[in-house]
Amino acid sequence: MKPESGNAAPSLHTREALYEHLDAYLAALAAKAPSRVPWADFVFNTENNVALQIGDGLWGTIERFGDYQLNFADVETGQVGCFGVAVEPLEESAFATRIKVNRDGRICEVETIVVRQADSGLKFENQKFHDKPVMNAVVEEGARVPRARMISLADGYFDTLQLNDGKLFTHFHPDCQRVENGVQTTNNSALASFIPVAGLGCEEQFRLGYYRYDDELRARRFPLVDEERGLVLAGGFIDHAGRLGDYKLTDGRALSSPIRRPHSFYLMELFKIEDGAIRQIEANFITVPYKMPSPWDRQ
């Protein structure tokens, strides 16, 4: 891992070319026409953490994409991705995808998550999909954080969430916000009437130790880093053993865990790094069997 992009060999890719690949891929997907995509000789393709043949899954059910689309690219590794909305019969779903383009300009990897709430054990109400200027903002070159440090801050977030006991292993920007499956879960007064912790900011939530029921942040990956925009894309799992019953926050308040069955969340999560701290988080995740392995472990 190179500590700074300045020490890397010149990239074979440009942001503009990677965005063109992404646009062409999404257009082919919306048209249910995989033959339009310039595939590599070998392609590793997953949807919702399962390896699928090209043309299966969302390729057969997509009707269109929604208006929301947040793009990001890693010119050093030739990867590009987006968060958005996929519309299928009966449902509109939070959607994220990451594709990798090889040296020949052909797509060799695709990782996709579609948060189909009809199939999920956890439903998010009042989803809102809209642009977030802070995620699209370019970081001035002199203020950019080295790639390895960006990954460390994102990984520290997972360390903080794992067995959350109030200790912080990352840095949060004072204006940090988090959106999960299209719902803002920080500083959200409307949601706080049902989930009180949702009325607090990122750091305050973690200092309380609210997420004590998260047992392990497993199989962490950070495949894409957009240094120009200060974005890190992560993949992995949150494992819940379901054994924890009653517990106390760091301020002494007693709570009962909302999770009392073994299961895991498979996630794709995007972190905005600003001023050396986590400024914004966008996460899409689905419920999967407890301790489900990742097909990307082959990498």
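The values are calculated or read from the model by the stated rules, or taken from the named source; none is laboratory data. Bear in mind that the values here come from a model prediction, so they are computed numbers and not experimental data. In this analysis, Cβ positions are derived from the backbone assuming ideal geometry, glycine residues included, and neighbour counts consider all displayed protein chains.
Listed here are the residues, each with its yes/no results for (1) surrounded by fewer than 16 Cβ atoms within 10 Å (Cβ to Cβ); (2) at pLDDT 95 or above; (3) outside the structural domain of Tyr19 (by TED's automatic domain parsing); (4) not polar (S, T, N, Q).
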{"site": "Phe42", "(1), (2), (3), (4)": "yes, yes, no, yes"}
{"site": "Asn45", "(1), (2), (3), (4)": "no, yes, no, no"}
{"site": "Gln53", "(1), (2), (3), (4)": "yes, yes, no, no"}
{"site": "Phe65", "(1), (2), (3), (4)": "no, yes, no, yes"}
{"site": "Ala86", "(1), (2), (3), (4)": "no, yes, no, yes"}
{"site": "Ala94", "(1), (2), (3), (4)": "no, yes, no, yes"}
{"site": "Ile99", "(1), (2), (3), (4)": "no, yes, no, yes"}
{"site": "Ile107", "(1), (2), (3), (4)": "no, yes, no, yes"}
{"site": "Asn126", "(1), (2), (3), (4)": "yes, no, yes, no"}
> Going through the range 221-238 one residue at a time, which ones are crowded, with 19+ Cβ neighbours inside 10 Å, part of a strand (DSSP E or B) and charged (D, E, K, R)?
Replying inline: Asp226
> When residues of the range 50-82 are filtered for being in contact (Cβ under 8 Å) with a residue 60 or more places away in the chain and either under 22 Å from Glu282 (Cβ atoms) or assigned to a loop (DSSP other than H, G, I, E, B) (or both), how many remain?
Replying inline: 15
> Of all residues in the range 111-133 being in a loop (DSSP other than H, G, I, E, B) and of a type in the set (Asp, Glu), which is nearest to Gly84 (Cα to Cα)?
Replying inline: Asp131
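Yes or no, residue by residue, for (1) closer than 20 Å to Glu109 by Cα; (2) of a type in the set (Gly, Ala, Ser):
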position: Arg229; (1), (2): no, no
position: His240; (1), (2): no, no
position: Arg243; (1), (2): no, no
position: Asp246; (1), (2): no, no
position: Thr250; (1), (2): no, no
position: Leu267; (1), (2): yes, no
position: Gly276; (1), (2): no, yes
position: Gln280; (1), (2): no, no
>> Regarding the range 225-233, can at least one residue be identified that is more than 22 Å from Thr112 (Cβ to Cβ) and either at pLDDT below 95 or under 16 Å from the mean Cα position of the chain (by Cα) (or both)?
In response: yes
